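The values are calculated or read from the model by the stated rules, or taken from the named source; none is laboratory data. As the structure is a computational prediction, the values presented were derived from the model and not from experiment. No Cβ is skipped: glycine too gets one built from the backbone with ideal geometry, and neighbour counts run over all protein chains shown.
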Amino acid sequence: MPVQSRQQSGVVNWPGLLSSRGWWGVNSGDYYETLNYGYDAARNLVQIGYPSSINLTYTRNSAAQVTGVRLAIGNKTATLASNISYQPFVPVNSLAWGNGILLSRTYDQDYQLTQQQVGNWQTTYRYDADSNISETATSLWGAVQYEYDALGRLTQEQTNSVKKAYSFDATGNRTQRTTTNLTTSDATETQSLNYARDSNRLTSINGSTLPVDAAGNHTQINGRRFTYDS
């Protein structure tokens, strides 16, 4: 019999840490599941037990940072992540996933991510004076440059082949996007957006009105219909 409604309860051990939490079905009466939590002597979470004999175990270093994650399902175990290392002020520096793929990250003096290596995939990041990302470059797709206005809103993104520019109204709503192909003679594609002055709700795209219900929810966009409950 399906559970139609649920209740929950929790058990707290003497240091004030949640040790278990359970749910059961009110109508079925015989459905019950529990989550169990385990902690080390420093009160750090080191284990979560799920129904069906599923357990997550966390290994921590002397600073209580997670250095490894293991999953057990019954008598089968697998490493999800290991050798997790950190920068002095918390950000993850590197780790090894259970499938053998390695992650490594490099940061600047402001702890802005400047390079990330995931297996053979490498991405580098550059920033402007306001810490907005000004360029990303990947080993597969090349570079993308970004420009912003004085309010930090994205106004342009450009690759070797495509440039997209964005315009905004005084409230910050995006009113236009133009897409220009830099490698062909294709015409520039423009998307125009309009909004209601009294609510800033999107009212039309490229001149096509977007129908709404009495509560102001969109009921159709690009041929897709939406319905809402009360």
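Identification of strands (runs of 3 or more DSSP E) wholly contained in the range 121-216 with 2 or more residues that are among the polar types (S, T, N, Q) yields 121-127, 133-138, 154-158, 174-181, 189-195, 202-205.
Here is a yes/no grid of residues against (1) out of contact with any helix residue (DSSP H, G or I) (no Cβ under 9 Å at 6 or more places or on another chain); (2) at negative phi; (3) surrounded by 14 or more Cβ atoms within 10 Å (Cβ to Cβ); (4) modelled with pLDDT of 90 or more:
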{"residue": "Arg174", "(1), (2), (3), (4)": "yes, yes, yes, yes"}
{"residue": "Leu182", "(1), (2), (3), (4)": "yes, yes, no, yes"}
{"residue": "Ala187", "(1), (2), (3), (4)": "yes, yes, no, no"}
{"residue": "Gln191", "(1), (2), (3), (4)": "yes, yes, yes, yes"}
{"residue": "Ala196", "(1), (2), (3), (4)": "yes, yes, no, yes"}
{"residue": "Asn222", "(1), (2), (3), (4)": "yes, no, no, no"}
{"residue": "Phe226", "(1), (2), (3), (4)": "yes, yes, no, yes"}
{"residue": "Ser230", "(1), (2), (3), (4)": "yes, yes, no, no"}
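For the range 110-125, does any single residue satisfy the condition of being of a type in the set (A, V, I, L, M), more than 30 Å from Phe168 (Cα to Cα) and surrounded by 12 or more Cβ atoms within 10 Å (Cβ to Cβ)? Scanning the range 110-125 turns up at least one residue that is of a type in the set (A, V, I, L, M), more than 30 Å from Phe168 (Cα to Cα) and surrounded by 12 or more Cβ atoms within 10 Å (Cβ to Cβ).
Residues are listed down the side, and each one gets a yes or a no for (1) at pLDDT below 70; (2) assigned to a strand (DSSP E or B); (3) among the polar types (S, T, N, Q):
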residue	(1), (2), (3)
Gln4	yes, no, yes
Val11	yes, yes, no
Pro15	yes, no, no
Gly38	no, yes, no
Ala41	no, no, no
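Got at least one residue in the range 153-175 being under 30 Å from Phe89 (Cα atoms) and either within 21 Å of the chain's Cα centre (by Cα) or outside the structural domain of Gly68 (by TED's automatic domain parsing) (or both)? Yes: one or more hits. Mind listing whichever residues of the range 66-78 are surrounded by 15 or more Cβ atoms within 10 Å (Cβ to Cβ) and not aliphatic (A, V, I, L, M)? Matches in the range 66-78: Thr67, Gly68, Arg70. From the list Leu154, Leu102, the one residue that fits, being among the hydrophobic types (A, V, I, L, M, F, W, C), touching a strand residue (DSSP E or B) at 6+ places or on another chain (Cβ under 8 Å) and within 29 Å of Asn61 (Cα to Cα), is Leu102.
The set of residues in the range 69-88 that are under 13 Å from Thr59 (Cβ atoms) and either in contact with an Asp or Glu (Cβ under 7 Å, 6 or more places away or on another chain) or among the basic types (Lys, Arg) (or both) contains only Arg70. Counting the residues of the range 87-100 that are surrounded by 13 or more Cβ atoms within 10 Å (Cβ to Cβ) and either more than 24 Å from Asp128 (Cα to Cα) or not polar (S, T, N, Q) (or both) gives 6.
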